[in-house]
Amino acid sequence: MAKLAVNVDHIATLRQARGASYPEPVTAAMAAETGGADGVVVHLREDRRHIQERDVRILRQVVQTKLILEMASTPEMIGIALDIKPNIVTLVPEKRMELTTEGGLDIITHFNNIKDSVKHLQNGGIKVSIFIDPDLDQIKHAHKMNADMIEIHTGAFCDAVTESEQEKEFARVVDAAKIASKLKLGVNAGHGLGYNSIKRFKGLNEIDEFSIGHSIVARATIVGMEKAVRDMLELVKAL
Ligand code: PXP
């Protein structure tokens, strides 16, 4: 049965939007675990737009399942990861101006840099996943550099508009999952997945774990709205 790792970046996005001390991503992570999440994911970006280093340090102390740190393959981030020691690091590409991670890491072009990072992190006792597009050559290179697992970028599938585009993109994900599994790489998948698109993965047993954030945080704001209003109304009525 596939597992679910929950990304709480966007709880931090809401906090940073106001420069407030709430909502607290650590509390959200605890709630995700209470809800049955198999892991907590955060992306510490170079520009610190949502998750802060302090969040990752506290999460390391309180997460009971596993802590997955998404980060760029840079000396600064490798140093932070080796110090905090998440259970897993997922290496992702990062561009300053992007709204969210755009595309997988090109580990063919950046083979030597990424290979060194994988080795450094593994020597520090951290498992390493690499976020790549569902592309055979990229998968072969992940295997070649001894990554523990890959995360297949599902963004193109999730963004596909027409049915034929969706079929084409999903077929790429299926092929990638099967090839990576044959190479004995762990296989995760994520980016853009929601409450409809996830249903398409039924029967694709090669995927060990899904990494999902935005759609879960978005739904939490809606399903929690009624109670949040009731709680405030109670206080207003008691004035
Ligand atoms: N996996 C990776 C590597 C990501 O960068 C992200 C976004 O932070 C996700 C999964 C989760 O994507 P989403 O928030 O769209 O569910």
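The values are calculated or read from the model by the stated rules, or taken from the named source; none is laboratory data. No experiment lies behind these values; they were computed from the predicted model shown. Virtual Cβ from ideal backbone geometry, glycine too; neighbours counted across all protein chains shown. Note: areas computed on protein heavy atoms with side chains; ligands, DNA, RNA excluded. Shrake-Rupley method; radii C 1.70, N 1.55, O 1.52, S 1.80 Å.
Filter region 53-74 down to the residues that are in a strand (DSSP E or B) and hydrophobic (A, V, I, L, M, F, W, C) and list them by number. Hits for region 53-74 are 67, 68, 69, 71. Of the listed requirements (1) without any contact (Cβ under 8 Å) to a residue 60 or more places away in the chain; (2) within 13 Å of the ligand (Cβ to nearest atom), residue 239 misses just one: (2).
Total residues in region 58-79 satisfying the condition of being over 14 Å from residue 33 (Cα atoms), open to solvent by 50 Å² or more (accessible area, probe 1.4 Å) and touching a helix residue (DSSP H, G or I) at 6+ places or on another chain (Cβ under 8 Å): the figure is 1. Looking across region 201-221, the residues that are part of a helix (DSSP H, G or I), closer than 21 Å to residue 166 by Cα and touching a strand residue (DSSP E or B) at 6+ places or on another chain (Cβ under 8 Å) come down to 201, 214.
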